[in-house]
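Here's the structure, in structure tokens; my notes come after.
We did not get these values from a lab; they are worked out from the coordinates using the rules stated. Please read these numbers as outputs of a predicted model, since none were measured by experiment. Cβ placement follows ideal geometry from the backbone for every residue including glycine, while neighbour counts extend to all protein chains displayed.
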Amino acid sequence: MTKQVFGEGRIALKFGNQKINLHQYEKEFEPKTSTSNPGSGDLRFITETCLDKAMGYVQRKGMRILEGPAQRTGVVGSILSFYFRDPDGNLVEIAEYESNP
């Protein structure tokens, strides 16, 4: 893994074309995990499925979309993302690259 600094000084751990965004305790950004603790982060999964189709799937499974689609910074380019919580309250981000990386 390598350290990536992006946005306004945010930090992520990058590996391949995936990354884990780290949260600074008591300075978390939205959306965030439901239980912010030192060392918490959020998970991003890149999909090749159309984002609208992925969002529909998540909603049919009973999950509420918290935010999105929203433009974000991916490891190798611009992405569109949406966010939801899994049944345990973890923040999950599903994203697609706006163009092939």
Residue order, fewest to most beta carbons within 10 Å, for Leu13, Leu80: Leu13, Leu80
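Determine, for each peptide in 45-52, 72-79, 2-9, the mean count of other beta carbons within 10 angstrom over its residues, then list the peptides with the highest first. Provide the component values of the computation, followed by the final result.
Numbers: 45-52: 12.9, 72-79: 17.1, 2-9: 10.2.
Descending mean neighbour count gives 72-79, 45-52, 2-9.
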